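K.L.:
Here it is, the structure in full.
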Amino acid sequence: MLTVFNHLHAVHHGKFEMFRGQLLPCFEVPARADYVLRELQERNLGPIESPVESDESAFARVHSQRYLDFLAGAWSEWIALDPANAERDALPSYWPIRTFRSDVLPASFAARMGLFSYDAGTPLTAGTWQAARAGAFCALTAAAHVLRSERAAFALTRPPGHHAGADFFGGYCFLNNAAIAAQALRDAGVERVAVLDIDYHHGNGTQAIFYDRADVQFTSIHGDPHTEYPYYLGYADERGAGDGLGFNHNLPLPRGTGFARWREALKEALRGIAKFEAGALVVSLGLDTFEGDPIAGFTLATPDYLRIGEDLARAGLPTVFVFEGGYAVAEVGANAVNVLEGFMQHAG
């Protein structure tokens, strides 16, 4: 399987995040991608390429232009406020919720940072835009390979993307790589695209981007948002809106769920994708379903990820894999590559 690797991912390296009332070292670290790359190389799973950079207008197919403009210039604005800011990451402090207005673009950097975010656990760093931009090109390059008749391709990048919405960042995510890949497949002529999110945490950003559309089906298997991040989306009654009604499927599961029950949810998701008659599949490949993950709550074991890859291959679809979560750093490489290896062993 071809892997498109973001060699710039490590320039995004947050120092601290706000977690349960404390500033703690970030769980989302560069070593996550490096462990996966090392495992890919050791198993010789296939060629590893750099992304092809093209027109950034592809980003604006899923993200608002004012949000993209903010991300591109945010670090410069942060430094302009105080040169000492170069030594600390930017975290938001204010959010325009409920009766506050969000249509007006404030002059204040702090106000705009809150406008375009939804949590205080996603540090914006000196290299955030550079890394996120290159990651989006990884997703586009992987999609381009699949469009050229590759059975599958893997976008190995960080920061992850599935929590990023059209005009907000959060959950460690800035640009929604899976959504960008799905939209690229649509723009190239694939009539119906399915996005399957198997991260422990609901892909709220991807859901929001496609919620009112019938041409992209979104399905997510995740921890029950009654108790699990991101809390405010991911419930089973969220079925889509307008033209998208019936094309959004959430399969929340309780903390402590093991592989047998999780796999039944995967089979249900794949039945829905088959019924949708998708022409291509984008998989948000989160590995924080692992039993040792420090910020999640399922109990999947490393061999289970081979079975997941096998099940995904049986869908019979051209597939773009996009790396998302997984914070048991030492194990994330084996778990990710098991999915890809299981897929390739059973891909027709």
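The values are calculated or read from the model by the stated rules, or taken from the named source; none is laboratory data. Since this is a predicted model, take the numbers as computed values, not measurements. In this analysis, Cβ positions are derived from the backbone assuming ideal geometry, glycine residues included, and neighbour counts consider all displayed protein chains. Please note that ligands, DNA and RNA were not included when accessible areas were found on the heavy atoms of the full protein model with its side chains. Shrake-Rupley method; radii C 1.70, N 1.55, O 1.52, S 1.80 Å.
K.L.:
Through the Karplus equation 6.51 cos²θ - 1.76 cosθ + 1.60, θ set to phi - 60°, convert the phi angles of segment 42-59 into ³J(HN,Hα) values in whole Hz; use x for Gly and Pro.
P.N.:
Here the 3J(HN,Hα) series is 5, 8, 6, 6, x, x, 10, 10, 8, x, 8, 7, 9, 7, 5, 4, 4, 5 Hz.
K.L.:
A further question follows. Under 8 Å for C-alpha pairs, at least 6 residues apart: give me the relative contact order for segment 168-221, rounded to a whole percent.
P.N.:
Across segment 168-221, relative contact order equals 36 percent.
K.L.:
For segment 29-171, what is the per residue volume of the convex hull drawn over the alpha-carbon atoms, in cubic angstrom? Don't skip to the answer; put the middle values down first.
P.N.:
On the way: hull volume 18.6 nm³, N = 143.
About 130 Å³ per residue, rounded to a whole number.
K.L.:
Take peptides 265-271, 254-260 and line them up by average Cβ neighbours within 10 Å, highest first, as a rough protection proxy.
P.N.:
On the way: 265-271: 16.6, 254-260: 14.1.
Ranked by mean Cβ neighbours within 10 Å, highest first: 265-271, 254-260.
K.L.:
Leaving ligands, DNA and RNA out of it, work out the accessible area of Ile273 with a 1.4 Å probe and give it in Å² to the nearest 10.
P.N.:
0
K.L.:
Relative contact order for the chain: what percent, with Cα pairs under 8 Å and sequence separation of 6 or more?
P.N.:
Numbers: 788 pairs, mean separation 64.9, N = 348.
19 percent.
K.L.:
Can you grab the distance from the C-alpha centre of segment 183-219 to the C-alpha centre of segment 295-348, Å, no decimals?
P.N.:
19
K.L.:
Let me have the relative contact order for segment 1-121, percent, based on Cα pairs under 8 Å that are six or more residues apart.
P.N.:
Relative contact order, segment 1-121: 26 percent.
K.L.:
Put a dot 7 Å past each Cα toward the Cβ at Phe100 and His346; how far apart are the dots in nm?
P.N.:
Result: 4.7 nm between the two label points.
K.L.:
Pull out the extension gain between Glu87 and His226, defined as 0.36 nm times the separation in residues minus the alpha carbon to alpha carbon distance; nm, one decimal.
P.N.:
Numbers: separation 139, 0.36 × 139 = 50.04 nm, distance 3.69 nm.
Gain on extension, Glu87 to His226, equals 46.3 nm.
K.L.:
Which residue fluctuates most in the GNM of the chain (Cα springs below 10 Å): Gln217, Gln41, Gln130?
P.N.:
Gln41
K.L.:
Return, for the Cα atoms of segment 208-283, the radius of gyration and Dmax in Å, separated by a comma.
P.N.:
Just the Cα atoms of segment 208-283 yield Rg and Dmax of 12.6, 35 Å.
K.L.:
Still on this model: Just want the answer: with Cβ charges of +1 for Lys and Arg and -1 for Asp and Glu, which residue in Val216, Leu115, Ala330 is farthest toward the dipole's positive end in the chain?
P.N.:
Going by the charge dipole, the pick is Val216.
K.L.:
Counting other Cβ atoms within 10 Å, which trypsin sites (Lys or Arg not before Pro) in segment 84-118 have at most 10 and lie in a DSSP loop?
P.N.:
Working: sites: Arg88, Arg98, Arg101, Arg112; in loops: Arg88, Arg98, Arg101.
Passing sites in segment 84-118 are Arg98, Arg101.
K.L.:
Please state the charge dipole magnitude for the chain, taken about the Cα centre, from unit charges on C-beta atoms (+1 on K and R, -1 on D and E), reported in debye and rounded to the nearest 20. Mind showing how you got there, number by number?
P.N.:
Details: 27 positive and 41 negative charges, 58 e Å.
Value, rounded to 20: 280 debye.
K.L.:
I need the Debye-formula profile for segment 201-348: one equal scatterer per C-alpha, no solvent, reported as log10 I(q)/I(0) at q = 0.09, 0.13, 0.14 1/Å, two decimals.
P.N.:
Log10 of I(q)/I(0), two decimals: -0.26, -0.55, -0.64.
K.L.:
Tell me, what ³J(HN,Hα) does each residue in segment 23-28 have, in order and in whole Hz, if you take phi through Karplus 6.51 cos²θ - 1.76 cosθ + 1.60 with θ = phi - 60° and put x for Gly and Pro?
P.N.:
8, 10, x, 5, 6, 8
K.L.:
With θ taken as phi - 60° and the coefficients 6.51, -1.76 and 1.60, list the Karplus ³J(HN,Hα) couplings across segment 178-188 in order, rounded to whole Hz; mark glycine and proline as x.
P.N.:
Calculated HN-Hα couplings, in order: 5, 5, 4, 5, 4, 5, 5, 5, 4, 5, 8 Hz.
K.L.:
Estimate the FRET efficiency between Ala241 and His7 by the formula 1/(1 + (r/R0)^6), using the beta-carbon distance for r and 30 Å for R0, to the nearest 0.05.
P.N.:
Working: r = 39 Å, r/R0 = 1.31.
Computed FRET efficiency for Ala241 and His7 comes out at 0.15.
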